[in-house]
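Okay, structure first, notes after.
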Protein chains: 2
Amino acid sequence: MRLEPQYKKLLNNALEGSGQRATKQREHIFALLLEKRDHPTADEVYARARADMPTISLATVYNCLETLVETKLIRQVNFEREPTRYCPNLTQHAHFYCRESGEIVDIELSDQLVDELMKVLPKGFSAQHIDIAYDGKCNCCS
Amino acid sequence: MRLEPQYKKLLNNALEGSGQRATKQREHIFALLLEKRDHPTADEVYARARADMPTISLATVYNCLETLVETKLIRQVNFEREPTRYCPNLTQHAHFYCRESGEIVDIELSDQLVDELMKVLPKGFSAQHIDIAYDGKCNCCS
DNA sequence: ACAAAAATTAGAATTATTCCAATTATGGCT
DNA sequence: AGCCATAATTGGAATAATTCTAATTTTTGT
């Protein structure tokens, strides 16, 4: 697994921009998230990370994920009380959680729709972020 | 604190409908959620419940809340990794979380908007529920 | 009032995550 | 290239919300 130059640059810029250092671990975790673009938990990331980097610790995985979230290179995804998941898709999207298969699917959202959602806020409210989570049955399960 | 007859009937029907029993504890917790219509955590519910029912246990509070959620008399609300909160507002609404004050405000959603959100799902997907969480600054804090 | 089933209780267990203190790695500067 | 200050990693302990467990109590139907 290797991080493509464009993403390596993205990562380095993002880290530098917030006064943080580039490390093997951060790069490795970013790379594995980009490689398989699903929504793994920290434990799953830990398992994948150890395949190529057996000495990495779980604490570091948590630290790296936190850093990547802070620098806005990945997103956190939460469903109810389940373990937090991590998502490398940075486009504007919602998440669909299939109760049957457990799969999580990204649902693209138009600017227009997000705009409408912003407009329903009462006066004086300003949102930095809207989190939209569907749950039900996905196409494979219905 | 007393549960108004209309709500008592609602509770009893809902419980009966799912083969569960009416208990002092369930009634008490439902009543206190309806009395102060905010978004307390289980711990906060526990604290409020003990004011009038000092022997209630935390486990029971969790059990009752779970029962009320199952019977759809209240809703669960989750923000990131924070403790689950409980909401007696059953109308269609989203939640706004103010990062400044920590306050949670209900945002009413029109059928039309919810409809549009449903329409953006790809073919074959069907959602039972959409969870929408805004976060930013509320009117008091901006 | 009696028995069966369900709910409550207190405390132990679990699980995801964070904290801590010691070690190691990184990046800037000479 | 080597040194230093700072930041990151590490392993294990600690935390916090929630769930589980087994014993007791309550509820409901007869």
Here the residues within the range B:64-104 that are part of a helix (DSSP H, G or I) and without any contact (Cβ under 8 Å) to a residue 12 or more places away in the chain are B:Glu66
Residues to consider are A:Ala51, A:Ala22, A:Ala47; find the one that is more than 12 Å from DNA strand D (Cβ to nearest atom) and in contact with a Leu (Cβ under 9 Å, 6 or more places away or on another chain). A:Ala51
Scan the range A:4-21 and give yes if some residue there is in a helix (DSSP H, G or I), among the acidic types (Asp, Glu), under 17 Å from the mean Cα position of the chain (by Cα) and farther than 30 Å from B:Gln76 by Cβ, otherwise no. no
Residue match in the range B:105-126 (condition: modelled with pLDDT under 95 and either over 25 Å from B:Tyr7 (Cα atoms) or surrounded by fewer than 19 Cβ atoms within 10 Å (Cβ to Cβ) (or both)): no
Exactly one of B:Gln92, B:Gln76 is farther than 21 Å from A:Leu109 by Cα and touching a helix residue (DSSP H, G or I) at 6+ places or on another chain (Cβ under 7 Å), and that one is B:Gln76
Scanning the range A:83-96 residue by residue, those at the interface with chain B (Cβ under 9 Å from one of its Cβ atoms) and more than 16 Å from A:Val69 (Cβ to Cβ) turn out to be A:Ala94, A:Phe96
Among residues of the range B:44-62, those that are touching a residue at least 12 places away in the same chain (Cβ under 8 Å) and within 13 Å of DNA strand C (Cβ to nearest atom), counted: 10
Across the range A:63-77, what is the total count of residues that are surrounded by 15 or more Cβ atoms within 10 Å (Cβ to Cβ) and within 12 Å of DNA strand C (Cβ to nearest atom)? 7
Looking at A:Glu80, A:Glu100, A:Glu35, which one is away from DNA strand D (no atom under 12 Å from the Cβ), surrounded by fewer than 17 Cβ atoms within 10 Å (Cβ to Cβ) and either β-branched (Val, Ile, Thr) or within 14 Å of chain B (Cβ to nearest Cβ) (or both)? A:Glu100
Residue check, A:Tyr86 against (1) more than 14 Å from the chain's Cα centre (by Cα); (2) aromatic (Phe, Trp, Tyr); (3) farther than 14 Å from A:Asp131 by Cβ, all met but one. Which one? (1)
Just name the residue that is farthest from the other protein chains (Cβ to nearest Cβ) out of those in the range B:111-142 that are closer than 17 Å to A:His129 by Cβ and not in a strand (DSSP E or B). B:Cys141
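The values are calculated or read from the model by the stated rules, or taken from the named source; none is laboratory data. Model, not experiment: these values are computed from the prediction. With ideal geometry, Cβ positions are generated from the backbone for all residues, glycine too; neighbour counts draw on all protein chains shown.
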